[in-house]
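Peer 1: Got a structure for you, questions after.
Please treat every number below as a calculation from the coordinates, not as lab data. Just so we're clear, the structure is a prediction, and the values are computed from it rather than from any experiment. Backbone-built Cβ (ideal geometry, glycine too); neighbour counts: all protein chains shown.
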Amino acid sequence: MILEINPNNIDKRAINQTVEVLKKGGLVIFPTDSVYAIGCDLYNKKALEKLAKFKEVKLNKANFSIICTSMSDLSKYVKQIDRPIFKLLNSSLPGPFTFILPATNEIPKLFDTNRKEIGIRIPENPIIIEITEKLGNPIATTSLKDDTSFIEYHNDPEEIFEHFNSLVDLIIDGGFGKLDGTTVVDCTSGAPEIIRQGLGILE
């Protein structure tokens with residue numbers, strides 16, 4: 001199923017419909033401020049397993065990020081960070097970044113793993129932010145890309161529908177997406193290190 005949502009005039013009924021799909025354990029493809037992504041309710045274990053299956057990995061080996069709505073959401077999932085890192089996040093988010101940060105004990109419980117870090121996203125996209133706010137907790141997410149490239153169907157909602165409709169429960173058409181991913185910044189060992197340059201430019 002595909003559901004069109006105008007980012008400049010968001011239909012609350014469409015947001016509610018999306019949240020219902022997520023609460024029932026569905027996988028949803030949605031726009032971000034970079035490429036289209038796929039995600040599920042962070043607190044639905046069956047949905048997390050479905051997301052891992054979509055990426056053809058075991059859940060305990062998956063490197064999913066989580067989408068939060070604001071910096072105030074981080075404390076449950078991220079250990080206390082020092083002031084320079086906090087200032088970096090505060091100046092960069094919302095935006096097309098994935099910040100890898102030391103995880104609290106909440107993360108291993110959710111992902112059945114001994115992961116000690118988690119990728120954090122706060123996209124500058126009103127559709128996915130409203131969906132996450134309405135859901136009431138973060139969304140576990142990963143991009144639609146393969147490991148080597150972003151290809152055309154990943155930014156055209158109609159082509160995304162043709163390619164992925166049978167594999168997911170809902171596709172949000174929020175207009176054309178970007179063809180570049182987020183900038184991934186590792187903040188787990190002192191000075192921030194860019195491990196993938198994408199759309200985000202660090203100040």
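Peer 1: Considering Thr18, Thr98, which residue is farther than 30 Å from Ala191 by Cα, of a type in the set (Ser, Thr, Tyr) and touching a Lys or Arg at 6+ places or on another chain (Cβ under 9 Å)?
Peer 2: Just one listed residue meets the conditions, Thr18.
Peer 1: What's the number of the condition Gly136 fails, among (1) in contact with an Asp or Glu (Cβ under 8 Å, 6 or more places away or on another chain); (2) surrounded by fewer than 16 Cβ atoms within 10 Å (Cβ to Cβ)?
Peer 2: For Gly136, the exception is condition (1).
Peer 1: If you don't mind, another one. Has the stretch 172-183 got at least one residue that is of a type outside the set (Ser, Thr, Tyr), surrounded by 20 or more Cβ atoms within 10 Å (Cβ to Cβ) and within 30 Å of Pro84 (Cβ to Cβ)? Step through it out loud before you land on a result.
Peer 2: Filtering the stretch 172-183 down to residues of a type outside the set (Ser, Thr, Tyr) leaves 172-181.
Still in the list and also surrounded by 20 or more Cβ atoms within 10 Å (Cβ to Cβ): 172-174, 177, 181.
Restricting the remaining residues to those that are within 30 Å of Pro84 (Cβ to Cβ) gives 181.
Yes: the stretch 172-183 contains one or more residues that are of a type outside the set (Ser, Thr, Tyr), surrounded by 20 or more Cβ atoms within 10 Å (Cβ to Cβ) and within 30 Å of Pro84 (Cβ to Cβ).
Peer 1: Something else about it: Can you tell which of Ile10, Ile38 is more than 17 Å from the chain's Cα centre (by Cα) and surrounded by 14 or more Cβ atoms within 10 Å (Cβ to Cβ)? Break it down stepwise before answering.
Peer 2: Numbers: Ile38 fails: more than 17 Å from the chain's Cα centre (by Cα).
Within the list Ile10, Ile38, the selection yields Ile10.
Residue-wise test of (1) in a loop (DSSP other than H, G, I, E, B); (2) of a type in the set (Lys, Arg).
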{"residue": "Lys109", "(1), (2)": "no, yes"}
{"residue": "Arg115", "(1), (2)": "yes, yes"}
{"residue": "Glu124", "(1), (2)": "yes, no"}
{"residue": "Glu130", "(1), (2)": "no, no"}
{"residue": "Thr141", "(1), (2)": "no, no"}
{"residue": "His163", "(1), (2)": "no, no"}
{"residue": "Phe176", "(1), (2)": "yes, no"}
{"residue": "Val185", "(1), (2)": "no, no"}
{"residue": "Gly190", "(1), (2)": "yes, no"}
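Peer 1: Go through the stretch 46-93 and give me each residue that's assigned to a helix (DSSP H, G or I), surrounded by fewer than 21 Cβ atoms within 10 Å (Cβ to Cβ) and in contact (Cβ under 8 Å) with a residue 40 or more places away in the chain.
Peer 2: Phe54, Leu59, Asn60, Lys61, Met71, Asp73, Ile85, Leu88, Ser91, Ser92
Peer 1: Can you tell me which residue among Gly136, Gly175 is at positive phi and free of Cβ contacts under 8 Å to residues at least 40 places away in the same chain? Step through it out loud before you land on a result.
Peer 2: Values: Gly175 fails: free of Cβ contacts under 8 Å to residues at least 40 places away in the same chain.
Just a single option satisfies the conditions, and that option is Gly136.
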